[in-house]
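K.L.:
One structure, as structure tokens, below. Some questions next.
The values are calculated or read from the model by the stated rules, or taken from the named source; none is laboratory data. As the structure is a prediction and not an experimental result, all values here were calculated from the model. Cβ coordinates were reconstructed from backbone atoms using ideal geometry, including for glycine residues, and neighbour counts include every protein chain displayed. Each accessible area value is taken on the protein alone, full model and side chains, heavy atoms only, with ligands, DNA and RNA left out. Shrake-Rupley method; radii C 1.70, N 1.55, O 1.52, S 1.80 Å.
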Amino acid sequence: MPVQQLTRIALTLALFASALPLATAADSIPVRVHEIENQGAYNKRYSYFLVLLEHVLNASCEECVIEKVAFPLATSTRNAVHLQKGRIDVAWINTNPAREKLLRPVRIPIYKGLIGWRLLLAREGTANKLRNVANLEQLQTFWAGQGHDWPDTPILKSAGLQVRTSDSWEGIIHLLQQERIDYFPRGLNEIIYEAQTLRHQGIVIEHSLALHYPAAVYFYVAKDNQVLAQRLEAGFETIIKNGEFDRLFHHFFGADIREAHLETKRIIELKNPNLPPLTPLSRTELWFTPANVVTSNVVTSKAVTSNPVTLKAGAAKAVASDTYSESLPEAASAGPASAPPENAAPPEPQ
């Protein structure tokens, strides 16, 4: 074959190859999420949100591409506005009836209800007194601390518990230090790190009690985004059936659950007056209980790390294969000297 003809063929192949990434990008479907700035040890929850979303989309939408959109640190109420305005496509938010009217929930509790399992931060002296609490009536003689607009506050109050509120996490810790409250209920996936940062202030985890109430954080989309909602629902059902959902959950939170030693606690059950009627409580496979704690948190399936700015799902992952690794990301080993306020994401989805 003449050299000139070979040259023309090589040039044609090169031009075709250079056009492939553009075609892939044009065919992709962006799924925008709020990019969360570095929050130290709390990064684990944001990583979980991204990795779970990645697995859900891989199971239902090969063309979908997860894209992070930078916004200032915001409350979940503000993220709901971002959804309504079309600035992002998916957010992870604590559910309530008002929110389910404004937005479209994907009714799979992404934390398996773990946010409703609470241990108590307390001063060392008060922790000794709380050890003698045997029931809800006795706990009602103590004062709890909460954020004034946090979803836990009406739950505690409706149970007859005494509650003093503040507008920030730091403010509640100040109430604890000033002995204006006796305990501060915190989730299993946050209290261990927080207790480590507060140890030098004489604040510890009370080791005999746990509170439990049904609570759910869902993926939310805009009310009119039915196509994405249906993709998420279909992807969730797939990873529930094949076990990926359980494996991801225990990979990220299994160590925290085991360290909480719920089997040794007196568990005080509370009702959640703001739990929407369509919450899938009857689907027991969607909810964590102390009876289903696993001894291993190893996940062998591939998942995206939390570092890249753009995350790829499905067929599009071939475009950015270097963002994948055999092991899932872990929480950062160190965090800020004091935990960030709970009414600002990501420390607690409100």
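K.L.:
Give the long-range amide H neighbours of Arg131: residues separated by 5 or more places, or on another chain, with amide H under 5 Å away, using H modelled in the peptide plane at 1.01 Å from N.
P.N.:
none
K.L.:
Moving on to the next point. Residue separation times 0.36 nm, minus the C-alpha to C-alpha distance between Gln196 and Ala98: what's the value?
P.N.:
Result: 31.7 nm gained on full extension.
K.L.:
On average, how much accessible surface per residue is there in the stretch 188-275, in Å², for a 1.4 Å probe, leaving out ligands, DNA and RNA?
P.N.:
So the stretch 188-275 comes to 41 Å² accessible per residue, rounded to a whole number.
K.L.:
Now, a different point. Per residue of the stretch 177-187, in order, report the coupling 6.51 cos²θ - 1.76 cosθ + 1.60 (Karplus, θ = phi - 60°) as ³J(HN,Hα) in whole Hz, putting x for Gly and Pro.
P.N.:
Ordered by residue, 3J(HN,Hα) equals 5, 7, 6, 8, 10, 9, 7, 9, x, 9, x Hz.
K.L.:
So which trypsin sites (Lys or Arg not before Pro) in the stretch 190-261 end up in coil per DSSP with only 15 or fewer other C-beta atoms within 10 Å?
P.N.:
For trypsin sites (Lys or Arg not before Pro) across the stretch 190-261 that sit outside H, G, I, E and B with at most 15 neighbouring Cβ atoms in 10 Å, the list reads Lys223.
K.L.:
With the other protein chains left in place, how much accessible area per residue, in square angstrom, belongs to the stretch 91-175 at a 1.4 angstrom probe?
P.N.:
Ligands and nucleic acids excluded, the figure is 37 Å² per residue.
K.L.:
Take the solvent-accessible surface of the protein heavy atoms, probe 1.4 Å, and return the percent of it on the stretch 185-280 that carbon and sulfur atoms account for.
P.N.:
Looking at the stretch 185-280 in its full context, I get 53 percent from C and S.
K.L.:
Taking amide hydrogens as modeled 1.01 Å from N in the peptide plane, which residues meet the under 5 Å criterion relative to Gly147, leaving out close sequence neighbours?
P.N.:
Correct list: Ser166.
K.L.:
Starting at the first residue of the stretch 264-271, write each ³J(HN,Hα) from the Karplus equation 6.51 cos²θ - 1.76 cosθ + 1.60 with θ = phi - 60°, in whole Hz, x for Gly and Pro.
P.N.:
Each residue's phi maps through the Karplus curve to give 9, 9, 7, 9, 9, 7, 10, 8 Hz.
K.L.:
Distance in nm between label sites at Asn292 and Glu233, each 7 Å beyond Cα in the beta-carbon direction?
P.N.:
Inter-label distance under the simple model: 2.1 nm.
K.L.:
Residues with beta-carbon under 12 Å from that of Pro105, excluding Pro105: net charge, scoring Lys, Arg +1 and Asp, Glu -1?
P.N.:
Its environment carries a net charge of +3.
K.L.:
Going by a ≥ b ≥ c, the root eigenvalues of the Cα gyration tensor, does the stretch 71-149 fall in the rounded group (a/c under 1.5), the prolate group (a/b larger than b/c) or the oblate group?
P.N.:
Judged from the Cα gyration tensor, the stretch 71-149 comes out prolate (a/c at least 1.5, a/b above b/c).
K.L.:
Now a separate question. Once amide H atoms are built 1.01 Å from N in the peptide plane, which residues 5 or more positions from Phe71, or in another chain, come under 5 Å H to H?
P.N.:
Here Glu35 satisfy the definition.
K.L.:
Starting from the Cα-Cα distance between Arg283 and Gln140, subtract it from 0.36 nm times their residue separation and give me the gain in nm to one decimal.
P.N.:
Result for the pair: 48.3 nm of gain on full extension.
K.L.:
For the stretch 57-150, which whole percent of the accessible surface, found with a 1.4 angstrom probe, sits on carbon and sulfur atoms?
P.N.:
About 49 percent, which is the carbon plus sulfur part of the accessible surface.
K.L.:
Based on the alpha-carbon gyration tensor of the stretch 174-243 and its eigenvalue square roots a ≥ b ≥ c, which shape applies: rounded if a/c is under 1.5, prolate if not and a/b is larger than b/c, or oblate?
P.N.:
prolate
K.L.:
Provide the FRET efficiency to the nearest 0.05 for the Ser208-Lys271 pair, computing r from the beta carbons and using R0 = 25 Å.
P.N.:
0.70
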